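What follows is a short report on a single structure.
Just so it is clear, none of the values below were taken in a lab; they were calculated from the coordinates. Here the structure is a predicted model, which is why all the values come from computation and not from measurement. In this analysis, Cβ positions are derived from the backbone assuming ideal geometry, glycine residues included, and neighbour counts consider all displayed protein chains.
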Amino acid sequence: MSVESAARISRVWNPALVPLLLRTPAYARAVEDALRTGPSPAMRERRTLQIHPEGAPPHPLTGVPALSLYRVDADLPDHVVREVGLPGTADVWDSRYTVTAYGMLMDRSCARAPHPTKTKEVLA
């Protein structure tokens, strides 16, 4: 079983796709459908999104390539998957130190971003 399919929580940082996802709701759904075929349509509609305003100061994930943090309920450690190089290639870590370090970067970045309910205001 892959860590991604066993994950109970998945947190994703993707600086390349976020601007594209925000263009229209239909486009966001199309990208979500193409990249994540597993979740149900209802689950995909529930996803909330945080963005950093264009004029905001740099945040802790500035310059970090796309990555995912996976928390699982099974007897597996949490994992970090960081996309590198060619599409489909990634670094995968399960060391507590690395997972914690990236988790802290994600936490601090999310804390600095406006709450997901403010996304429409930020875009306006």
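Multiply the residue separation of Ala66 and Val84 by 0.36 nm, subtract the distance between their alpha-carbon atoms, and state the gained length in nm to one decimal. Before the final figure, lay out the partial values.
On the way: separation 18, 0.36 × 18 = 6.48 nm, distance 0.81 nm.
Value of the extension gain: 5.7 nm.
Could you give the length gained by full extension between Asp107 and Asp94, i.e. 0.36 nm per residue of separation minus their alpha carbon distance, to one decimal place?
On the way: separation 13, 0.36 × 13 = 4.68 nm, distance 1.80 nm.
That works out to 2.9 nm of additional length.
What number comes out for the charge environment of Pro114, summing +1 per Lys or Arg and -1 per Asp or Glu over other residues with Cβ under 15 Å away? Walk me through the numbers before you get to the answer.
On the way: positive: Arg108, Arg112, Lys118, Lys120; negative: Glu54, Glu121.
Every neighbour counted, the sum reads +2.
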